[in-house]
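Heads up: the structure comes next, in structure tokens.
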Amino acid sequence: MMKIFYTLSIILLVSIAAKSQDRNPNSPGSEPATRIIKFYPNPAISFINFEFQRSYDKSYNFQIFNMLGKKVYEVNNVTPKTIVNVGDFFRGVYIFQLRDKSGKVIDSGKFQVSK
């Protein structure tokens with residue numbers, strides 16, 4: 001009986017921790033209303049476009065990570081439109097981050113590479 005209780009308690013705690021990590025501190029339970037970066041096509045096959053939807057600081061740093069957390073692409077001093085060749089990327093899900101010069105994440109998102 002106690003073994004079942006402990007198992008259920010662990011499952012409950014893990015699910016609560018996972019839900020709390022999913023939430024955005026700026027607007028709990030929802031995505032931000034306006035995104036800084038628009039990206040397309042998703043899924044990408046040979047390239048993906050990243051465009052700024054509103055004003056930005058040219059000193060922003062743009063990074064792409066694979067699902068293992070390895071940085072696979074980085075650009076400093078971004079331009080209004082960036083085209084990334086994903087021909088050398090493996091098939092899978094990637095995460096992009098836009099950071100200011102202090103390292104704070106301004107925008108982020110996920111995209112898929114399919115070949």
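The values are calculated or read from the model by the stated rules, or taken from the named source; none is laboratory data. As the structure is a computational prediction, the values presented were derived from the model and not from experiment. When we count neighbours, we look across all protein chains shown, and the Cβ atoms used for this are built from the backbone with ideal geometry, even at glycine.
Within segment 84-95, does at least one residue satisfy the condition of being of a type in the set (A, V, I, L, M), modelled with pLDDT under 95 and surrounded by 11 or more Cβ atoms within 10 Å (Cβ to Cβ)?
no
Can you tell me which residues in segment 42-80 are exposed (fewer than 13 other Cβ atoms within 10 Å of the Cβ), more than 15 Å from Gly109 (Cβ to Cβ) and polar (S, T, N, Q)?
Ser46, Ser55, Ser59, Asn76, Asn77
Sort out which residues of segment 94-115 are hydrophobic (A, V, I, L, M, F, W, C) and under 13 Å from Ile48 (Cα atoms), and write them in order of number.
If the condition is that a residue be hydrophobic (A, V, I, L, M, F, W, C) and under 13 Å from Ile48 (Cα atoms), then Ile95, Phe96, Phe111, Val113 are the ones that fit.
Look at Ser46 and say whether it is in contact with a Lys or Arg (Cβ under 6 Å, 6 or more places away or on another chain) and among the hydroxyl-bearing types (Ser, Thr, Tyr). Lay out the reasoning, then the answer.
Values: in contact with a Lys or Arg (Cβ under 6 Å, 6 or more places away or on another chain): no; among the hydroxyl-bearing types (Ser, Thr, Tyr): yes.
Taking the combined requirement at face value, the residue does not satisfy it.
Which one is surrounded by the most Cβ atoms within 10 Å (Cβ to Cβ), of the residues in segment 96-115 that are over 16 Å from the mean Cα position of the chain (by Cα) and under 22 Å from Tyr56 (Cβ atoms)?
Result: Lys101.
How about segment 69-104: which of its residues are touching a Ser or Thr at 6+ places or on another chain (Cβ under 7 Å) and of a type in the set (Gly, Ala, Ser)?
Scanning segment 69-104 gives a single hit, Gly87.
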